[in-house]
Amino acid sequence: MNRRPLSAIVLAAGEGTRMRSATPKPLHRLCGRPMVLYVLDALGALSVERVAVVVGHGATEVVKTIQAEAPRHLAIEFVEQFEPRGTGDAAAVALTGLSGSYGAADLDEGDVIVLPGDMPLLRGGTLSSLVDGHRANGGAATLLTARLDQPNGYSRIVRDKDARVARIVDEPDATELERQIDEVATNVYCFKHGVLAPALRRLSPYNSLGEYYLTDTVAVLHDAGYAVTTVVVPDPVEALEVNDRAQLAAAEAELRARINRRWMRRGVTMWDPGRTYLDASVRLAADVTLLPGVILQGTTTVGAGAVLGPSVHLVDCEVAPGATLSHTVASHAVIGEQCSVGPYVVLEEGTRLAPGERVGPFLAPDIGGTS
């Protein structure tokens, strides 16, 4: 595959009114991390030379969070969409953040991925397949699509009589025949960089919201004679966008299942994975055993051979090898090797337990303890 510059645009300017929250939509947390970071993690699996993140509502907070927590190897530029004029306008704004990344000729010869900041289940391997398919097919644009048995609520991929992608139609605007199409759009694209800006300039705001829609670039390119191709996502769950609290919960359940499977493959025993909740930042050693009702958050670490549960809730704690905890709640505590804690114990913040120390029901050591 020829080596061309690859850049990316992440659309993270939305207010997310359906979330009904003062928190900017991209910063709602899943497994302890803002959801936009999962999108950046997926991009981090590719050889992306530059990422433009479009911010808007809560821009200062979003920029600060991404600068502090995004993968360090990503070169990120921030551009602000001052007025919410649609995804097409956001992409046009983002191109200004990429224009200084390469020489004009190199920029036009490169490719650009465009994706929303609210798809936390998207995998890096899927984005790699999208880019590979785009470059192999030689089209002007490639869409990541999904095939659903029940596509209700999704925009459909409409093809012309030659089976070429012609446009994307929103379900309310679709005909009865178009609603029977099972291939749906995911709002993830890979464009030849040189055709994206001209296509965006041809968008029209003549719609019910008076906005410029990125989806309309498909019809613009098709009508101009360009080839638009598709790559089907291997697992439709990756296409889930988070627009409200119910979708947030569904995405969190999927991410927690992925986290649990990863740790079990690394030698952690879980009696009931469905009742075991681990933040993405938690670190476990091999031969740890987690009983039902375990919740581990923040920077909690657990050493080899420790047994936690049932009903243990730890936040930013350090558990040494061989410790056992049952029905225990603790925050910012250090629990030494071979300690025995519980049942029915609450450790005050800052507690430090010496190796072998035992804390029984309703008893807790003094803050500082022995170490």
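Considering the values [x] 22.4, 71; [y] 21.0, 67; [z] 24.2, 78, which represents Rg and Dmax of the Cα atoms in Å as calculated for the structure under consideration?
So the structure-derived entry is [z].
Starting from the Cα of Arg4, step 7 Å toward the Cβ, then list every residue of segment 129-161 with an amide N under 17 Å from that point.
129-144
Given labels modelled 7 Å from the Cα in the Cβ direction, how far is it in nm from Arg358 to Asn243?
5.8 nm
Suppose we keep just the DSSP beta bridges with both residues in the chain; what percent of those would be antiparallel, to 5?
Working: 18 of 73 bridges.
Percent antiparallel among DSSP bridges in the chain is about 25.
Reachable lysines from Lys161, Cα under 29 Å, same-chain residues fewer than 8 places away excluded?
Once the sequence-local lysines are set aside, what remains near Lys161 is Lys192.
May I ask you to list the aspartates and glutamates whose Cα is less than 17 Å away from that of Lys25, ignoring any residue fewer than eight positions away on the same chain?
The reachable aspartates and glutamates, counting only those whose Cα sits under 17 Å from Lys25, are Glu15, Glu61, Glu69, Glu80, Glu83, Asp118, Glu241, Asp244, Glu252.
Need the full-extension length gain, Glu176 to Ser47, defined as separation in residues times 0.36 nm minus the C-alpha distance. One decimal, nm. Before the final figure, lay out each step's value.
Numbers: separation 129, 0.36 × 129 = 46.44 nm, distance 4.19 nm.
Separation in residues times 0.36 nm, less the Cα-Cα distance, equals 42.2 nm.
Please give, to one decimal in nm, the separation of the simple spin-label points placed at Arg258 and Glu15, each 7 Å out from Cα toward the Cβ.
About 3.0 nm separates the two model spin labels.
Using packing as a proxy for protection, rank 114-123, 43-52, 66-75 so that the peptide with the highest average count of other Cβ atoms within 10 Å comes first. Please report the intermediate quantities before stating the final value.
Numbers: 114-123: 24.2, 43-52: 19.1, 66-75: 13.1.
Listed from highest to lowest mean packing, they are 114-123, 43-52, 66-75.
Could you tell me what percent of the DSSP beta bridges with both partners in segment 1-110 are antiparallel, to the nearest 5? Please report the intermediate quantities before stating the final value.
Details: 2 of 14 bridges.
Around 15 percent of the beta bridges assigned by DSSP in segment 1-110 are antiparallel ones.
Please check which bits of segment 327-341 a label hung off Thr299 would reach, taking the label as a point 7 Å along Cα-to-C-beta and the cut-off as backbone N under 15 Å.
Within reach of a label on Thr299, which here means backbone N under 15 Å from a point 7 Å along Cα→Cβ, segment 327-341 contributes 331-335.
Calculate the spin-label point distance for Trp271 paired with Arg147, positioning each point 7 Å from the Cα along the beta-carbon direction, and give it in nanometres.
A separation of 4.3 nm, rounded to one decimal place.
Could you tally the net charge around Asp89, taking each other residue with its Cβ under 14 Å from the Cβ of Asp89, Lys/Arg +1 and Asp/Glu -1? Could the numbers behind the result be given before it?
On the way: positive: Arg85, Arg201, Arg202; negative: Glu80, Glu83, Glu211, Asp216.
Summing Lys and Arg as +1 and Asp and Glu as -1 gives -1.
Readers should treat all values here as calculations from the given coordinates under stated rules, not as data from a laboratory. Keep in mind the model is a prediction, meaning the values are calculated, not measured. So basically every Cβ, Gly included, is an ideal-geometry build from the backbone, and we count neighbours across all protein chains shown.
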